[in-house]
Amino acid sequence: MTALLVFRIYIPFAAGYYLSFGFRTINAVIAPDLVRDIGIDAAGLGLLTSVYLLTFAAFQIPLGVLLDRYGPKATQVLLLMFAALGAYLFARAGSVEGLIAGRALIGFGVSGCLMASLKAFAEWFPRRHLPLVNGVTFMVGGIGAMSSTAPVEAVLGVTDWRGVFLGMAAATVGAAVLIAAAVPGRTERPAGARESFAATLRGFGAVIAHPKFIRFAPLSVLCSGVLMGVLGLWSGPWLRDVGGLSREAAADGLFFAFLSMTLSYLASGWLAARLAARGIKPEHLSVIGMCLFLAVQLLMVLDFGIWPVALWVLFAAFGTFGSLIYAALAGVFPPELVGRVNTALNLLVFIVAFISQWGVGAIINLWPAAAEGGYAAEGYAAALVAVLAVQGIGLIWLIMMPLLWRRAEPL
């Protein structure tokens, strides 16, 4: 990897992904402010936050077509401008409906940040470096999430959540300009641009019908979606309501959880590359990490009195291992289908994240709110049991599929 690739390809796209993760997770910190200023319950907060995931997911299939037909540069620049507009509208909103509209537009606008990055890296970087490059990219997203915890809590002492979103809108415009100015254009047309629209859609069919996708995608998207949906919103309230931490201590706990996630993305990508050189496939490491992720959730449900921040640090660390499936599947398909491989996975991840983020709020809402304004610990426990059970089904499918379908390779 040359310095030119890092500065002209990696940094511009990583900047957009950094901001997308900040947008995704910031509500875990500003939730008390939104509840105070707008007046919404747990289900409403879950819906408001998860609408980002809904619009993000809804655009994944069209996004894959655009990336393969027009390339990541043009696609990403245009979408980021919509994200900036959404952030501005969110900052100026005076009602729940206005907040939902702004956040929906943000989700649409940042829907290409990861996929455009992975597509660009697959085009420009040697394939042997992709697990590490992708791992560093996920790490950058984790840094964006960390930036939305204690640092945002500190900034709220100077301005309010509206000022924070105005600043993020300006930063998003800057990221779009950086990509437009720094990333070079391709001299040849992308392979996908020579396809008819029908052939492009058939490429999605080839991706989702592949036995390796069918076997590994369910558990991967379930774990990644739960990590995104639950950590991105409900970790902060859980630390306050179940863990008994103050708002400031909860923000610090979130910082350490997202730091753990950030380091784990880097470490898992590095470890996967090292093990691949020894003939150990990335999906094998991914499955081990996802099993540990389920074990941590079980510990949270059983409530053995473990320090609450430690549980979320482990939750964030092992939840990242599902992302190794991106690199594992990218190596199975030709380059012109890589965009559709990644967007097919991302679509499923964000659907799961939307359902888990909104669903956890709906389950918590079944219990009466605490007198001091928080949510019932029993509601959190019931929600965790539900998401753990669904992930368990994904693990059973991964184990049983080779017995059910001869085309599937053994684990």
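Listed values [x] 35; [y] 39; [z] 25 include one computed from this model; for percent of Cα pairs over 34 Å apart that value carries the label [z]. Using Cα positions and a limit of under 21 Å, work out the lysines in reach of residue 73, with same-chain residues fewer than 8 apart set aside. Cα-Cα hits under 21 Å: 119. Cβ crowding within 10 Å, taken as a proxy for footprinting-reagent exposure, orders 270, 161 from fewest neighbours to most as 270, 161. For a straight C-alpha distance cut-off of 16 angstrom, the lysines reachable from residue 212 (same-chain residues fewer than eight places away being disregarded) are 281.
Residue-wise HN-Hα couplings along the stretch 277-284, as the Karplus relation 6.51 cos²θ - 1.76 cosθ + 1.60 with θ = phi - 60° gives them from phi, are 5, 9, x, 9, 6, x, 5, 5 Hz; Gly and Pro carry x.
The order of 284, 210, going from fewest to most other C-beta atoms within 10 Å of their C-beta, is 284, 210. From largest to smallest, the equivalent ellipsoid semi-axes obtained for the stretch 192-325 from the alpha-carbon gyration tensor read 34, 18, 14 Å. With the highest mean first, a sort of the peptides 93-99, 364-370, 375-381 on other beta-carbon atoms found within 10 angstrom per residue produces 375-381, 364-370, 93-99. Sorting 215, 278, 36 by the number of Cβ atoms found within 10 Å of their own Cβ, with the fewest placed first, yields 278, 36, 215. Each of 107, 29, 135 was scored by the projection of its Cα onto the charge dipole of the chain, and the greatest displacement toward the positive side belongs to 135; charges sit on the C-beta of Lys, Arg, Asp and Glu. With 0.36 nm allotted per residue and the present C-alpha distance subtracted, the residue 158-residue 332 stretch has 57.6 nm of extension available. Between amide H atoms placed 1.01 Å from N, distances below 5 Å from residue 245 occur with 240, all of them 5 or more places distant or on a separate chain.
Taking the Cα centre of each part, how many Å lie between the stretch 209-226 and the stretch 338-373? Each part reduced to its Cα centre gives a spacing of 17 Å.
No lab work stands behind these numbers, since they all come straight from the coordinates. Here the structure is a predicted model, which is why all the values come from computation and not from measurement. Don't worry about glycine lacking a Cβ; one is built from the backbone with ideal geometry, like all the others, and counts go over all protein chains shown.
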